[in-house]
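Peer 1: One structure follows; several queries about it will come next.
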Amino acid sequence: MAGLRVISRLKGGMGAFGVALILGLNAMIGYGLLHDRDELIAKTSDESRAMALVLERHATDSFAGVSKILAGVSEVLSVRADTWERGDADVHALLRRQAALSPLIRAILVVSADGRLIHDTETLAPADVDLSDRDYLMAHRDGLASGGPAGVHVGIPVRGRTSGSWFFSMSRRLDTPAGRFAGVVVAVMEPTAFRGFYQTLTLRDDAVVTLYHADGPVMARFPDHDSFIGRSARLLPLFTSLLKGAQAGTDTVDANGDGPRRIFSFRASAEMPLVVTVSSSRDSVLEPWWTKAMTAAAADLAGTLVLGLMTLALLREAERRERALADLQGSERALRDSQQRLIQDIAARHRIEAELIAAKQVSDAANRAKTQFLANMSHELRTPLNAVIGFAEALESGIFGAMLPKQTEYIADIRRSGQHLLSLINDILDTTKIESGKYVLHQEILAIEELIGESLRQMEPQAMEKGLTLTESLAEPLPILFADARAVRQILLNLLSNAVKFTPPGGRIVVTVDRSARDLRLRVIDTGIGIPPTELSQVMEPFHQVDNSHTRRHAGTGLGLPLVKSLVEMQDGRFALSSVPGRGTTATVLFPASRLRTRIEEAAAQGARVGTGDNRRETASA
């Protein structure tokens with residue numbers, strides 16, 4: 001029954017491990033894809049924000065350059081006597097020279113206070129048109145220009161009355177010597193100059209760049225400049241909400257006319273009534289990510305199927321072994337029943353004795369078969385578990401590339417679960433080897449203090465994780481021990497592991513070594529939960545665990561202490577437990593004097609061996 005319980009526990013562990021591995025793989029891939037998606041959107045937002053900054057500075061600097069030209073022109077015109085002589089050649093030449101200073105200027109006009117066109121750089125004979133209804137004349141005449149009387153006014157896009165083409169204006173006020181409003185000097189600016197500049201930029205295929213007047217109309221756009229110029233965007237989110245909260249920003253919006261869901265960056269000029277926007281289709285930005293996500297999903301599905309099939313194969317194999325073991329144990333019960341009936345038959349005593357002997361032989365064979373079965377099962381389960389642990393350690397070491405913190409955490413959980421299962425299987429394998437007489441000791445001269453130091457260093461991370469104090473107390477001088485190094489190390493690790501497992505945080509664990517009469521006494525003393533007196537003898541039996549609410553929270557097979565006892569007795573030693581519930585447990589291992597050597601004796605023996613070797617060499621030379 002104990003063997004069936006172990007196999008059942010292993011089945012549950014393998015099933016849970018398989019599910020955890022599959023969930024971890026899916027979570028790792030899903031988290032990576034979401035992280036890549038967020039990074040791609042953030043990168044595009046940063047690029048869009050940077051482009052909006054560059055374009056806003058370009059627009060502001062371009063308008064500021066035209067403003068400086070107009071300032072110089074207005075200053076010159078204010079001191080010339082021929083300024084208001086309609087079509088004057090000298091003034092015309094002056095204005096043409098100034099207009100040539102900026103590629104944005106299509107023409108420079110001088111308009112009188114009553115709206116009459118006085119000068120036009122495109123002709124010496126200005127058209128006789130009434131411009132009194134133009135926004136630039138009304139803004140300066142009524143004192144509405146930004147910056148006061150000395151400020152500039154940037155007009156919204158309008159169509160020329162004679163040319164029919166779109167333009168927007170920038171103007172400055174002209175005054176009489178007495179300081180009264182005399183008219184305006186106007187720079188007629190070319191919207192296509194901005195469109196041409198936007199065409200030279202390296203943009204995404206679906207990117208849209210728009211220059212708005214602060215009052216809402218589109219001043220320039222790429223692409224579809226001709227379709228959008230002059231349109232008012234006053235009711236779009238840019239003007240209804242975004243600009244009211246900040247002068248610059250990036251958001252994801254449904255852009256009217258630009259398609260659904262766009263990554264949208266805007267920036268308003270602090271010096272001119274201008275707003276620049278840069279937007280890109282969110283779907284287009286995420287198109288490479290979708291391709292990667294589909295590929296990763298396919299790989300994830302394939303990996304999930306492979307892991308699921310491997311887990312299913314392991315579970316089926318465990319079930320088959322479980323049925324075989326149940327059959328063997330059923331045979332044992334049948335044989336024991338037969339023995340009982342034979343004993344009760346007094347009349348056929350000699351026949352019963354013969355049958356009992358035969359039954360015992362069959363029972364021994366069944367026990368050997370069970371032991372062999374457990375050994376084979378442990379070997380076959382260790383192979384895939386070692387592979388899983390190896391791959392987990394490779395991923396955790398970063399050999400296939402750096403992982404995100406969450407991914408590293410999942411891989412560490414996988415590795416620890418696999419190592420826990422492997423330790424359970426190793427305990428079962430060692431127990432079956434001892435029961436079948438196949439455990440071979442490789443005895444040698446050992447320094448017990450070195451083995452203790454190694455074992456303490458190996459258990460120190462687990463002790464620190466629980467907040468335990470792990471120390472040693474060694475008597476001086478210690479003798480040299482003649483024993484199997486692996487077996488002694490296993491004894492120490494099993495006792496220390498039990499002490500760490502059943503000692504609550506803040507407790508102490510001490511390893512002491514001294515002489516007791518002629519024996520070498522090794523003790524592991526903890527301040528843990530202790531073992532009830534009624535359980536002390538039972539914990540030495542294979543697969544038995546103390547059944548209380550605290551200890552059952554700790555996983556294990558119940559093989560640790562029985563394995564320690566067997567390994568100690570194989571080396572002529574004795575093993576004993578003493579415990580007080582709630583105060584702690586002391587595990588004592590005694591090695592007899594026959595296995596001890598003093599260091600002086602060992603040095604003399606080693607010198608004798610060396611001397612014998614020198615004599616042999618001298619004889620051979622002679």
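The values are calculated or read from the model by the stated rules, or taken from the named source; none is laboratory data. Note that the structure is a prediction, hence the values are computed from the model and not measured. Please note: Cβ atoms are built from the backbone with ideal geometry, for glycine as well, and neighbour counts cover all protein chains shown. To get the accessible areas, we keep the full protein, side chains included, count just its heavy atoms, and leave off ligands, DNA and RNA. Shrake-Rupley method; radii C 1.70, N 1.55, O 1.52, S 1.80 Å.
Per-residue answers, yes or no, for (1) in a helix (DSSP H, G or I); (2) at pLDDT below 90; (3) within 46 Å of the chain's Cα centre (by Cα):
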site: N498; (1), (2), (3): yes, yes, yes
site: P505; (1), (2), (3): no, no, yes
site: V511; (1), (2), (3): no, no, yes
site: L520; (1), (2), (3): no, no, no
site: V524; (1), (2), (3): no, no, yes
site: P562; (1), (2), (3): yes, yes, yes
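Peer 1: One residue is enough: does the range 124-135 have a residue meeting the conditions touching a residue at least 24 places away in the same chain (Cβ under 8 Å), touching a His at 6+ places or on another chain (Cβ under 8 Å), more than 11 Å from V186 (Cβ to Cβ) and open to solvent by 20 Å² or more (accessible area, probe 1.4 Å)?
Peer 2: Yes, because at least one residue in the range 124-135 is touching a residue at least 24 places away in the same chain (Cβ under 8 Å), touching a His at 6+ places or on another chain (Cβ under 8 Å), more than 11 Å from V186 (Cβ to Cβ) and open to solvent by 20 Å² or more (accessible area, probe 1.4 Å).
Peer 1: Any idea which residue in the range 30-87 is farthest from the chain's Cα centre (by Cα), counting only those that are part of a helix (DSSP H, G or I) and basic (K, R)?
Peer 2: Residue satisfying both the conditions and the ranking: K68.
Peer 1: Among the residues of the range 258-305 satisfying the criterion of being among the aromatic types (F, W, Y) and crowded, with 21+ Cβ neighbours inside 10 Å, which is farthest from A145 (Cα to Cα)?
Peer 2: Going through the qualifying residues, I end up with F264.
Peer 1: For the range 457-482, name all the residues that are touching a helix residue (DSSP H, G or I) at 6+ places or on another chain (Cβ under 7 Å) and in contact (Cβ under 8 Å) with a residue 60 or more places away in the chain.
Peer 2: P477, I480, L481, F482
Peer 1: Same structure again: If I ask for residues that are surrounded by fewer than 20 Cβ atoms within 10 Å (Cβ to Cβ), within 41 Å of the chain's Cα centre (by Cα) and of a type in the set (A, V, I, L, M, F, W, C), which ones from the range 473-496 would you list?
Peer 2: Answer for the range 473-496, where residues must be surrounded by fewer than 20 Cβ atoms within 10 Å (Cβ to Cβ), within 41 Å of the chain's Cα centre (by Cα) and of a type in the set (A, V, I, L, M, F, W, C): just L493.
Peer 1: Another question, if that's okay. List every residue pair whose Cβ atoms lie under 8 Å apart, where the two residues are 6 or more positions apart in sequence or sit on different chains, the first residue falls within the range 552-570 and is basic (K, R), and the second residue, located anywhere, is modelled with pLDDT under 85.
Peer 2: Listed by first residue and then by second, the contacts come to R552/Q545; K565/M540.
Peer 1: Output the residues belonging to the range 63-100 that are without any contact (Cβ under 8 Å) to a residue 60 or more places away in the chain, of a type in the set (G, A, S) and out of contact with any Pro (no Cβ under 7 Å at 6 or more places or on another chain).
Peer 2: Those that are without any contact (Cβ under 8 Å) to a residue 60 or more places away in the chain, of a type in the set (G, A, S) and out of contact with any Pro (no Cβ under 7 Å at 6 or more places or on another chain): G65, G72, A81, A89, A93, A100.
Peer 1: What is the residue count in the range 301-338 for residues that are closer than 23 Å to Q361 by Cα, touching a residue at least 24 places away in the same chain (Cβ under 8 Å) and among the polar types (S, T, N, Q)?
Peer 2: Of the residues in that region, 2 qualify.
Peer 1: Quick one: in the range 208-232, which of the residues that are open to solvent by 10 Å² or more (accessible area, probe 1.4 Å) and among the small types (G, A, S) is farthest from the chain's Cα centre (by Cα)?
Peer 2: Here the answer is G230.
Peer 1: For the list (1) without any contact (Cβ under 8 Å) to a residue 40 or more places away in the chain; (2) open to solvent by 70 Å² or more (accessible area, probe 1.4 Å); (3) within 21 Å of A220 (Cβ to Cβ), I need the number of the one condition that P103 fails.
Peer 2: So the condition that P103 fails would be (1).
Peer 1: Let me ask something else about it. Output the residues belonging to the range 39-67 that are open to solvent by 10 Å² or more (accessible area, probe 1.4 Å), touching a strand residue (DSSP E or B) at 6+ places or on another chain (Cβ under 8 Å) and of a type in the set (V, I, T).
Peer 2: I41
Peer 1: A further question on this structure: When you check T469 against the structure, is it of a type in the set (S, T, Y), at pLDDT 90 or above and surrounded by fewer than 20 Cβ atoms within 10 Å (Cβ to Cβ), yes or no?
Peer 2: The answer is yes for T469.
Peer 1: Please state which of the following conditions I118 fails to meet, knowing it meets all the rest: (1) under 24 Å from R231 (Cβ atoms); (2) assigned to a strand (DSSP E or B).
Peer 2: Failing condition for I118: (1).
Peer 1: Related question: What strands (runs of 3 or more DSSP E) lie completely within the range 180-229 and have 2 or more residues being within 24 Å of D283 (Cα to Cα)?
Peer 2: Per the criteria, 208-213, 218-222.
Peer 1: Okay, next question. Scan the range 458-484 for residues that are in a loop (DSSP other than H, G, I, E, B) and in contact with a Leu (Cβ under 7 Å, 6 or more places away or on another chain) and jot them down.
Peer 2: P479
Peer 1: While we're here: Picking from A150, A145, A139, which residue would you name as being part of a loop (DSSP other than H, G, I, E, B), at pLDDT below 85, among the aliphatic types (A, V, I, L, M) and buried (at least 20 other Cβ atoms within 10 Å of the Cβ)?
Peer 2: A145
Peer 1: Next question, about the same structure. Is at least one residue of the range 279-296 more than 33 Å from the chain's Cα centre (by Cα), closer than 21 Å to F228 by Cβ and at pLDDT 80 or above?
Peer 2: No, the conditions are met nowhere in the range 279-296.
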